[in-house]
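Reviewing the structure listed below.
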Amino acid sequence: MALRIGVVIFPGTNCEHDAMLAVQRLGASAELVWHGDGSVAGFDALILPGGFAHGDYLRPGAIARFSPVMEAVTRFAAEGGPVVGICNGFQVLTEAGLLPGALQKNRGLRFLCTTTTVRVETDRSVLTSGVPIGTELRIPINHFEGNYTCDPDTLAMLRAEDRVVLRYVENPNGSIDDIAGVCNAARNVVGLMPHPERASDPLLGSVDGTVLLTALLTSVATPATATVA
Amino acid sequence: MDAGGEGSQDVSAGDDQLLHRALGVTDGERDEVEAILGRSPNHLELALFAVMWSEHCSYKSSRVHLKRLPTEAPHVLVGPGENAGVIDAGDGIAVAIRIESHNHPSAIEPHQGAATGVGGILRDIFTMGARPIAVMDPLFFGDPSEARQQWLIEGVVAGISGYGNSVGVPTVGGELTFDACYTQNPLVNVLCMGVLPTDRLVLGQASGVGNLAVLLGSSTGRDGIGGVSVLASAGFGGGSDAEDAAKRPSVQVGDPYEEKRLIEACLELLDAKLVVGIQDLGGAGLVCATSETAARGGVGMDVDVSAVPRREPGMAAYEVMTSESQERMLAIVTPADLAQVEDVCRRWEVRAAVVGRVTDAPVGTPGRLRIFDGFDGEVLGDVPAVALSEDAPLYHRPMARPGDHDARAADDPGALPAPADCGQDVLTLLTDPSWVYRQYDHQLFLNTAEGPGGDAAVLRLAAPGLPASERGLALTTDSNPLWCSIDPRAGTAATVAEAALNIACAGATPMAVVNCLNFGNPEHPEVMWQLSEAIDGMSEACLALDLPVIGGNVSLYNESFGADINPTPVIGALGLIERLTCRPPGVTLVDDATLVLLDASVGTTGGQRNPPSLGGSRWAVECRGHRHGTLCALDLTGHRRLVKFVSELVAEGVAGGDGVVSGIHDVSGGGLGVALAELSVRSGIGLQVAGVADHHELFTEAPSRVVVCTTRRNELVARAAEAGVGFRVLGTTGGDRIVVEGLVDLGVAEATESWRTRLPSLLDELAPATPV
């Protein structure tokens, strides 16, 4: 049976159909989960897609973390369910405390839509399980607040625990330690600024994003590979 | 009866004789209003006529000319006059497209002016039932090395980026033009394209007596009062900063989050067939939406101003009716469906308020727009709806060919001395606009096969809720004010031709165009002559190329200090790709290939003079400051043949075949020299070209030419010959230098560096110091 992926939508989210399309093309089924819903029962994995949840009012993710669905997402994650936040989804996960650090405005204070090269830094996460470390992927970014930052202790912890999932080969936005994506301690929650769904079709110029999405679907299907401590 | 009120602006005070003038209504127009009503208009009624009869809303100076444009073709579902033009793209899918200007608001407040320009045009598109899937922004500024221009550029681009990205519609292209004539009056045009299942097509009309007019979206405030009449329909008078600042409250403020929810709510209402008609509120606000929907439906409407949700206290009726507060729509709903409509809106957190009722229009009489203070309360105003939207005066304004036209034509740049080093002039003309488009999300919806920066953007014909299709769309905007200032008629025809050729370079068949006519003060006879000539040129080219004009916008009074801008007609062209399975080759080179120039410019009628003209070329203007002369001839018959040939050639590869085209670029601004250099810097591959006689041939902007990079030269030239398209083998690709024998010898790395850094080196200085 096809894996069921829940794609969480807040008012202002805009990449929900893109995320659904990308995982559907890889054989999964995908459904929208409304931010007002209190349950995510029945899903094998959740994606928090990009966009501007609640208009990014106050700051990205600051209001979305209070949407009813986030309690369900938090429970799902605590039970080991795979959760991936892309771009605005990453921002929401940091605001909700599911991932450490924060995303501040880009160095240069401008919005950036461009294709970057990122390097896979660990194969121990739901998004990179089975992907050789050092693999370089061409994946677009599309953000104003993508400049990852955290305090020195957190950075030391992320490095020590091998929780930096992706790094930019050429840092586009000022992120500390070139970080493009991180995971939680249990390695089932991953946030990343690049949009793998935008590199999922030869027509779009790159299919490198499918490496990550395929890894997600594979680790969902065979959970043991994903939660290697 | 008093249209004024507490805290209202000073229109309520004062003298009837002067009131209409303060509102921008001429004495003659006021008399006409009185004749229509059979009595003196009250203040509110006069305010309604003032905005609806403004140049911006009524096209009163241009309508008599616009009638000359060809607008029909079998695939045109909706032509000009509606909120957007719509064509049938096949597979049960229709495409809606529109272009607009937001010039004056952007001159006053660049960020919000540009942002609300995007917001406004999106509403025009989803009003038709279409989901907006692409935006393009042609922008025109003064000298970018001046601080004030940098402020304008920064603000406009940030406004488009901030609104478009957030609302979730990709910005897939545009144009960036610098010329001193835009110093005080930048142009900010915005084009939007949307897609819809053909059977969801809706028109902005009211019907069904007793149906309700429901105002959706934002509350109504004092922002944008008189935007169309105060801002859009007058030039910048003395241009003093204080005067411009005083106009700032006439610029609306945008909220993309509100618009995003409004889009989703409206599309859901349309999908569920819960509305009988829908209309956006843009220029002239509620009065425009209510009078237009009523007039189109042949009905009347009663509006209760007291029911309109307001954002501030003490607003007068005329303010509520003419406010241009953003992110609002008017839906016509049956009473039975109201509860469901309210449910959908609640889910999307969109406000919905019943503010009007559709009323009967007795046979033989026009439906009336009546404004009430409470449906059981006082009648504040009562006018025939159709008089507001359709009875604006039509002006046959005086036209005159400029007195110095012949003298300017005779002053030919061909006599200018040849450059000592053509390569340096090529570098001067080479600018990478990615500083702009990297700030725009151009990839959302996973449709963008070819993004900004090329000849045309290419998108899949796909969106949630559409039938599956293998087709694709190509979209471009083109303008050439340098050509048009030399000869508005020939220049506009050549602009249409270039747009069609750009579409062909993407492997698409040109299907339709829209236009945004940015001109100076229509009270100047020379400007009216330019406008009339431009419309004739567009008409000629569109007829010859089978391109219906399905929509347009006219922006007049673009002037400052009494000087008019160069005539700036912007053409948006839409093309259809039968089968899009591979990315089009685009503006690029491959190694060890042949460069072939396809050339229909010599045409069948004797061709260009020798050497070809440099009149209106970027080289003459930007490298030598020479703006006179005559344009190269355009042979529309040959051009049509070229467009068809190129389109078919590229389409083979795009459809997944073994295409003969490895890279392609039309020759336009900057001529062959810039076209070759762009191919090289965009691919990082050098080239060696021979047989270009001199700087005339290198920089002429003779139309109907395309550079093709191919590894199958013999096949390409044989097919060109068979199709009756002229060609010439230019040279080969490879190496790390751009060489045009005897004229240009540049390192690819050097040219690339110059191309890439020109804009950022001017504009990034503005960025505040940032932590590293």
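Checked against the criterion of being out of contact with any Leu (no Cβ under 6 Å at 6 or more places or on another chain) and under 30 Å from B:His405 (Cβ atoms), region B:649-663 has no qualifying residue.
Residues that are crowded, with 24+ Cβ neighbours inside 10 Å, more than 13 Å from chain A (Cβ to nearest Cβ) and not charged (D, E, K, R) number at least 3 in the following strands (runs of 3 or more DSSP E) confined to region B:443-536: B:472-478, B:509-518. Of the residues contained in region A:112-119, none is found to be touching a residue at least 40 places away in the same chain (Cβ under 8 Å) and assigned to a loop (DSSP other than H, G, I, E, B). Among the residues of region B:64-122, the one identified as more than 30 Å from B:Pro464 (Cα to Cα), among the aliphatic types (A, V, I, L, M) and buried (at least 24 other Cβ atoms within 10 Å of the Cβ) is B:Ala107. The one condition from (1) under 27 Å from B:Asn714 (Cα atoms); (2) part of a loop (DSSP other than H, G, I, E, B); (3) modelled with pLDDT of 95 or more that B:His626 does not meet is (1). Residue by residue through region B:721-737, note down the ones that are surrounded by 17 or more Cβ atoms within 10 Å (Cβ to Cβ) and within 14 Å of B:Thr594 (Cα to Cα). B:Phe727, B:Leu730, B:Gly731, B:Thr732, B:Thr733 - these are the residues of region B:721-737 that are surrounded by 17 or more Cβ atoms within 10 Å (Cβ to Cβ) and within 14 Å of B:Thr594 (Cα to Cα).
Say whether the condition of being buried (at least 20 other Cβ atoms within 10 Å of the Cβ) and either under 24 Å from the mean Cα position of the chain (by Cα) or under 17 Å from B:Phe519 (Cβ atoms) (or both) is met by at least one residue in region B:589-611. No, the conditions are met nowhere in region B:589-611.
Touching a residue at least 40 places away in the same chain (Cβ under 8 Å) and in contact with a helix residue (DSSP H, G or I) (Cβ under 6 Å, 6 or more places away or on another chain), is that true of B:Thr509? Yes; evaluated as a whole, the condition is true for this residue. Do we find a residue being surrounded by fewer than 17 Cβ atoms within 10 Å (Cβ to Cβ), more than 11 Å from chain B (Cβ to nearest Cβ) and in contact with a Pro (Cβ under 9 Å, 6 or more places away or on another chain) anywhere in region A:38-60? The answer is yes; a qualifying residue exists.
Residue under question is B:Arg346, and the condition is that it be surrounded by fewer than 17 Cβ atoms within 10 Å (Cβ to Cβ), basic (Lys, Arg) and within 14 Å of chain A (Cβ to nearest Cβ); does it hold?
Values: surrounded by fewer than 17 Cβ atoms within 10 Å (Cβ to Cβ): yes; basic (Lys, Arg): yes; within 14 Å of chain A (Cβ to nearest Cβ): yes.
Yes: the conditions hold for B:Arg346.
Tallying residues that are free of Cβ contacts under 8 Å to residues at least 40 places away in the same chain, surrounded by fewer than 17 Cβ atoms within 10 Å (Cβ to Cβ) and either in contact with a Leu (Cβ under 7 Å, 6 or more places away or on another chain) or over 28 Å from B:Gln439 (Cβ atoms) (or both) within region A:123-151 yields 4. Scanning region B:625-639 for residues that are out of contact with any helix residue (DSSP H, G or I) (no Cβ under 6 Å at 6 or more places or on another chain) and in contact (Cβ under 8 Å) with a residue 12 or more places away in the chain returns B:Cys632, B:Ala633, B:Asp635, B:Thr637, B:Gly638. Cβ separations smaller than 7 Å between residues 6+ apart or across chains give the following pairs from region A:62-91 residues that are under 21 Å from A:Ala221 (Cα atoms) to residues that are crowded, with 20+ Cβ neighbours inside 10 Å and at pLDDT below 95: A:Pro82/A:Ser219; A:Pro82/A:Val220; A:Pro82/A:Ala226.
Every residue, every condition in (1) modelled with pLDDT of 95 or more; (2) in contact with a strand residue (DSSP E or B) (Cβ under 9 Å, 6 or more places away or on another chain), yes or no:
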site: B:Ala3; (1), (2): no, yes
site: B:Glu6; (1), (2): no, no
site: B:Asp10; (1), (2): no, no
site: B:Lys60; (1), (2): no, no
site: B:Val76; (1), (2): yes, yes
site: B:Ile93; (1), (2): yes, yes
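Within region A:174-208, the set of residues being surrounded by fewer than 24 Cβ atoms within 10 Å (Cβ to Cβ), of a type outside the set (Val, Ile, Thr) and within 13 Å of chain B (Cβ to nearest Cβ) comprises A:Gly174, A:Ser175, A:Asp177, A:Asp178, A:Asp201, A:Pro202, A:Leu203, A:Leu204, A:Gly205, A:Ser206.
Mind checking whether some residue in region B:144-151 is of a type in the set (A, V, I, L, M) and assigned to a strand (DSSP E or B)?
As a first pass, look at region B:144-151 and keep what is of a type in the set (A, V, I, L, M): B:147.
Checking the rest, the ones that are also assigned to a strand (DSSP E or B) come to none.
No, the conditions are met nowhere in region B:144-151.
Of the listed requirements (1) closer than 23 Å to B:Gln443 by Cα; (2) outside any loop (DSSP other than H, G, I, E, B), B:Gly129 misses just one: (2). In region A:19-38, is there at least one residue being touching a strand residue (DSSP E or B) at 6+ places or on another chain (Cβ under 8 Å), in a loop (DSSP other than H, G, I, E, B) and farther than 24 Å from A:Ile179 by Cα? Checked region A:19-38: at least one residue is touching a strand residue (DSSP E or B) at 6+ places or on another chain (Cβ under 8 Å), in a loop (DSSP other than H, G, I, E, B) and farther than 24 Å from A:Ile179 by Cα.
Do we find a residue being out of contact with any Ser or Thr (no Cβ under 6 Å at 6 or more places or on another chain), more than 14 Å from chain A (Cβ to nearest Cβ), surrounded by 22 or more Cβ atoms within 10 Å (Cβ to Cβ) and acidic (Asp, Glu) anywhere in region B:553-561? Yes, some residue in region B:553-561 is out of contact with any Ser or Thr (no Cβ under 6 Å at 6 or more places or on another chain), more than 14 Å from chain A (Cβ to nearest Cβ), surrounded by 22 or more Cβ atoms within 10 Å (Cβ to Cβ) and acidic (Asp, Glu).
Figure legend. Inter-residue proximity from region B:264-282: first residues at pLDDT below 90, second residues in a helix (DSSP H, G or I) and not polar (S, T, N, Q), beta-carbon distance below 8 Å, spacing 6+ or different chains. Indicated pairs: B:Gly282/B:Gly120; B:Gly282/B:Arg123; B:Gly282/B:Asp124; B:Gly282/B:Cys288. Filtering region A:95-117 to residues that are more than 8 Å from chain B (Cβ to nearest Cβ) and out of contact with any helix residue (DSSP H, G or I) (no Cβ under 9 Å at 6 or more places or on another chain) leaves A:Gln104, A:Lys105, A:Asn106, A:Thr116, A:Thr117. Assessment of region B:395-407 against the conditions (hydroxyl-bearing (Ser, Thr, Tyr), touching a residue at least 12 places away in the same chain (Cβ under 8 Å) and either over 20 Å from B:Ala307 (Cβ atoms) or within 14 Å of chain A (Cβ to nearest Cβ) (or both)) yields at least one matching residue.
The values are calculated or read from the model by the stated rules, or taken from the named source; none is laboratory data. Just so you know, these numbers come straight off a predicted model, no measurement behind them. Cβ atoms come from the backbone with ideal geometry, glycine included; neighbour counts cover every protein chain shown.
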